[in-house]
Amino acid sequence: MLTSLVKPPPPAIEVRPREPQPTPTVIIYAHVDGAVVAPGVYALPANARIFEAIDAAGGATEDAEFRELNLAAKVADGQKLAVPWRPTAQASGVEDAPQPVRPASAAPAATVQTAAPRINVNTATQRVLETLPGVGPVTAARIVEHRNANGPFTRVEQLREARLVNAPTYERIKNLIDTQ
């Protein structure tokens, strides 16, 4: 009778390692234009840098100018990245220097800059403002703080008048920004 009182042992519990869950990949879209091999809209990882966006567009052409472009800056979703062309020799005052050869489909630098949509300083986030040449985190934060405290800008010249950017930076960005 004693054997009938003894219960069989419970089944052993099997412990399995947890399967890693895939982390969702966040994709952003950026329009890469200008002095690149294949201009267009590209899907990039959320933390992509400007040099990676240029690589996605087939790389830069031989006459791309990078002096005013921060290749290490992060790309924002919906950003248009215009890789500038190297200035022509006549524009720099050198008359006998050879002219760069641009692909037939490429527009001259002046056309690219005026055709590109401008960044609206009244609606742009600090991160978007930081994509402007010469505008870092401190300057971008000052622009955002000024418009929050004083209302929207009515003219781009107000950035200079309010001493939010210095003269050289203003000259670099005045054709890249707008108030509407």
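The values are calculated or read from the model by the stated rules, or taken from the named source; none is laboratory data. This structure is a prediction, so every number in the text was calculated from the model and none was measured. Note that each Cβ is placed from the backbone with ideal geometry, even for glycine, and that neighbours are counted across all protein chains shown.
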Could you give every pair whose Cβ atoms fall below 7 Å, whose first residue belongs to segment 139-158 and is of a type outside the set (Gly, Ala, Ser), and whose second residue is assigned to a helix (DSSP H, G or I) and surrounded by fewer than 18 Cβ atoms within 10 Å (Cβ to Cβ), counting only separations of at least 6 or pairs across chains? 144/126
Which of the residues belonging to segment 159-177 are assigned to a helix (DSSP H, G or I) and not acidic (Asp, Glu)? 159, 160, 167, 168, 169, 170, 172, 173
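Go through 64, 72 for me and flag whichever is at pLDDT 85 or above, closer than 20 Å to residue 41 by Cα and loosely packed, with under 15 Cβ neighbours inside 10 Å. Spell out how you get there, then give the answer.
Values: 64 fails: loosely packed, with under 15 Cβ neighbours inside 10 Å.
After applying the criteria, what remains is 72.
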So is residue 36 more than 27 Å from residue 159 (Cβ to Cβ) and at pLDDT 90 or above or not? yes
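Select, from 115, 149, 162, 141, the only residue that is over 16 Å from the mean Cα position of the chain (by Cα) and modelled with pLDDT under 90. If you could, list the steps in order and put the result at the bottom.
Details: 149 fails: modelled with pLDDT under 90; 162 fails: modelled with pLDDT under 90; 141 fails: modelled with pLDDT under 90.
On inspection, the qualifying residue turns out to be 115.
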Just the residues that are in a loop (DSSP other than H, G, I, E, B) and surrounded by 21 or more Cβ atoms within 10 Å (Cβ to Cβ), please, taken from segment 49-58. 57
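Quick one: which of 98, 20 is assigned to a loop (DSSP other than H, G, I, E, B), modelled with pLDDT of 65 or more and either not β-branched (Val, Ile, Thr) or not assigned by TED's automatic domain parsing to the domain that holds residue 173 (or both)?
Details: 98 fails: modelled with pLDDT of 65 or more.
Result: 20 is the single residue among 98, 20 that is assigned to a loop (DSSP other than H, G, I, E, B), modelled with pLDDT of 65 or more and either not β-branched (Val, Ile, Thr) or not assigned by TED's automatic domain parsing to the domain that holds residue 173 (or both).
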The correct count of residues that are more than 24 Å from residue 78 (Cβ to Cβ) and among the polar types (S, T, N, Q) in segment 129-180 is 4
